[in-house]
1. Rounded to the nearest 0.05, what FRET efficiency is calculated for LYS59 and VAL33 with R0 set to 41 Å and r the Cβ-Cβ distance?
2. Taking R0 as 35 Å, what FRET efficiency do you get between ALA50 and ASP24 from their Cβ-Cβ distance, rounded to the nearest 0.05?
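Values in this text are rule-based calculations from the coordinates and carry no lab data. Just so it is clear, the model here is predicted, and its values are computed rather than measured. Methodologically, a virtual Cβ is constructed for each residue, glycine included, from the backbone with ideal geometry; neighbour enumeration extends over all protein chains shown.
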Amino acid sequence: MDGCFGQANNKTMVKYNLHITDPDSDMYMYERVDEHVCIKGHSYMVCDQACGAVERAAKNTRVISDMYDWIDIMAHMPHMKVVEHKQSMHR
């Protein structure tokens with residue numbers, strides 16, 4: 001998790017952590033849960049910058065209806081290489 005508020009710092013996760021640490025709960029597993037939250041600034045990572053560049057380029061596209069429209073947007077971006085995924089690429 002990268003510090004985004006909605007990913008882990010929400011009521012669902014807090015309730016879950018309470019259930020698994022409550023000895024009276026059917027879900028009791030641990031005496032204690034330590035949660036570590038990443039500091040803000042994750043948007044400086046290369047992958048996040050690439051996603052932002054794609055989103056900005058997509059704003060100039062009138063309609064994006066399927067994955068091929070996204071592929072076309074990325075294929076026309078400088079420094080972006082689109083690779084078709086094939087099952088043979090995996091063992």
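1. Values: r = 41 Å, r/R0 = 1.00.
For R0 = 41 Å, the calculated efficiency reads 0.50.
2. Working: r = 48 Å, r/R0 = 1.36.
That gives a FRET efficiency of 0.15.
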